[in-house]
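Bear in mind these aren't lab numbers, they're just calculated from the coordinates by the rules spelled out. What you are looking at is a predicted structure, and each value in this text was computed from that prediction instead of being measured. Note that each Cβ is placed from the backbone with ideal geometry, even for glycine, and that neighbours are counted across all protein chains shown.
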Amino acid sequence: MIRSRFAIIAAGLAGSSLAVWLSLGSAHEDNAVRTFVLTLVVSWSFLGAGLIALARQPRFGALMCAVGLAVDLAPLGDADAALPYTLGLVVASLWIGILVHALAAYPTGRLPSRTAVATVVAAYASVTLGQVAVILFDDLREGCPGCPRNLLLIADNPRVAQILLVAVSPLGTLIAVAVVIELARRWRNASPPLRRVLQPVLWTGAAAVTAVALLYASYVVAPGLSEAASWLTLALLVAFPFAFLAGLLRMRLARTAMGPLLVELGEAPSELELRDALRRALRDPGLKIVYRRGHGFVDGAGQPVALPEGSSMIGPAAALIHDPSLSLDPALLRSVAAAAGLALDNARLQAALRAAQTKERRRLERDLHDGAQQRLVGLGLELALAEARAERDPPGTRELLTRARGELMLALNELRELARGIHPAVLTARGLGAALEGLAARLPLPVALDVRVVRLPEPIEIAVYYVAAEALTNVVKHARAASALVRVWYEADVVVVEVADDGVGGADAAAGSGLRGLQDRVEALGGGLDVCSAPGAGTRILATLPVAVRRDANTPAPW
């Protein structure tokens with residue numbers, strides 16, 4: 001692109017230098033200074049606008065540059081040598097055909113229809129073949145005594161030349177009318193965003209083409225008006241590239257909407273709020289946000305949507321369907337798509353956070369139910385029993401109060417642990433073995449521990465701890481046991497937790513909310529719970545939890 005620009009600038013400088021040299025050195029040009037000044041103004045207006053357009057609309061920019069370079073060829077008609085003079089006669093109006101081409105192809109640089117193609121072909125034929133047809137029979141030196149010889153002259157026949165000129169001029173007028181009709185049709189069918197892009201160029205360009213047609217018609221119909229028509233044409237031609245630049249400036253100013261857009265998107269908008277904010281920023285009321293599903297896309301309601309050409313992706317999972325005219329400003333689209341992508345990512349993160357908060361709240365509720373709540377319920381029962389025995393059995397009451405005091409201390413410790421992080425801090429810091437040792441040390445009966453696992457995934461580790469804690473709580477409250485045993489080991493792809501006691505037995509998972517809560521906790525992780533508690537034979541609780549970590553060779557199973 002940079003090389004192309006340098007080449008165009010070099011060609012423009014060479015053409016302008018040639019135009020100045022030919023005009024100032026011409027023996028038959030009466031207004032040499034005015035001619036080359038006007039040539040330079042028109043040429044570099046188009047060249048400058050075209051060079052700027054190359055970055056965003058390369059095809060259209062190339063056509064604009066071609067108009068500017070073709071204008072520099074017109075002063076060849078001021079040459080004093082026959083060959084460049086004749087060449088100048090042939091290409092003098094070539095820039096008009098290129099201008100028609102640029103207008104018909106605006107803004108993409110591609111001709112949108114067969115009608116547009118036919119109009120452009122007719123324009124090129126009119127300004128080249130039509131011009132050649134006239135000068136085949138016009139010596140031209142009658143009106144220009146100092147002009148060199150016309151090398152294409154077949155026979156000097158002014159009558160035939162006039163007939164051909166009269167025939168070619170209406171064709172130019174018809175081409176101008178066709179161009180105006182085509183531009184009006186495109187304006188009518190355009191969306192509001194596209195109209196904002198087309199407006200400056202189409203109307204100025206249509207007026208310029210119409211003025212050119214009137215200029216050539218004036219040579220035949222009213223030669224006395226040709227001077228005024230030429231100045232009007234010049235003014236509109238110079239205005240055309242500046243109108244194009246005004247359209248680019250309008251698109252650039254549209255980027256000022258990015259500031260308010262970023263403010264709106266920073267407030268974590270909903271999907272509808274995001275869509276409406278993008279519509280306001282891009283001034284496109286039909287803009288849609290669609291989401292990738294499988295190999296296709298769906299809208300916000302889940303309905304399949306075809307992704308049209310020119311849509312803008314928002315990351316890998318979403319896209320914007322927008323007015324095609326917005327593709328003329330890819331930098332704006334990239335900025336908006338990036339902002340929308342950040343907003344969508346933020347919304348997804350917040351949704352994930354809300355889901356995590358809900359999950360954590362439910363886990364907290366379960367931990368409270370299985371731990372401190374059960375202890376406090378048991379404590380209430382112990383105190384009620386102590387109250388009933390207070391007068392008739394003082395020693396028994398003291399024993400009950402001692403047990404109640406122990407339960408209270410356990411409940412307080414568990415609540416402190418929950419306040420620090422849902423589960424005991426030592427579990428996170430030092431692992432399951434240390435946490436179970438601390439639990440056993442707080443109980444009023446001896447507990448043998450046999451823990452043959454290393455660190456487990458956090459949800460499994462917490463579940464194992466609470467299975468042991470709740471089972472031991474039941475032992476203290478109901479079993480009237482002298483001792484208890486806790487074993488944890490790997491068995492294939494599961495970790496096994498066993499809690500056994502030598503108490504009175506008779507525990508029933510269906511009748512107690514504590515054991516049922518343990519069963520729910522274990523099953524939530526894909527495991528199972530088995531309770532064996534025959535009357536008089538103690539209680540054995542066996543929980544199995546699937547775990548990805550396999551048994552290490554140095555930690556054999558306890559059988």
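For segment 459-472, in order, what is each residue's ³J(HN,Hα) by Karplus, 6.51 cos²θ - 1.76 cosθ + 1.60 with θ = phi - 60°, in whole Hz (x at glycine and Pro)?
Listing the rounded values in order: x, 5, 4, 5, 4, 4, 4, 6, 4, 5, 5, 5, 5, 5 Hz.
Based on Cβ point charges of +1 for Lys and Arg and -1 for Asp and Glu, what charge dipole magnitude is obtained for segment 427-509 about its Cα centre, in debye rounded to the nearest 20?
The dipole of segment 427-509 has a size of about 300 debye.
With only Lys, Arg, Asp and Glu charged, each at its Cβ (+1 for the first two, -1 for the last two), find how big the charge dipole of segment 147-238 is about the Cα centre; round to the nearest 20 debye.
Computed about the Cα centre, the dipole is about 420 debye.
Specify which residue in the list Trp489, Pro457, Leu472 is farthest towards the positive end of the charge dipole of segment 441-492, using unit charges on the beta carbon of Lys, Arg (+1) and Asp, Glu (-1), about the Cα centre.
Positive-most Cα among the choices belongs to Leu472.
Going highest first, how would you order 435-447, 477-489, 457-469 by mean Cβ packing within 10 Å?
457-469, 477-489, 435-447
Could you check the simple spin-label distance between Val166 and Glu437, using points 7 Å along Cα→Cβ, in nm with one decimal?
The two pseudo-label positions are separated by 11.8 nm.
Beyond 17 Å, what percent of the Cα pairs of segment 133-224 remain?
62
Please report, in whole Å, how far the alpha carbons of segment 19-124 spread along each principal axis, starting with the longest.
46, 28, 18
Compute the separation of the alpha-carbon centres of segment 17-89 and segment 463-539 and state it in Å as a whole number.
Value for the Cα centre distance between the two parts: 97 Å.
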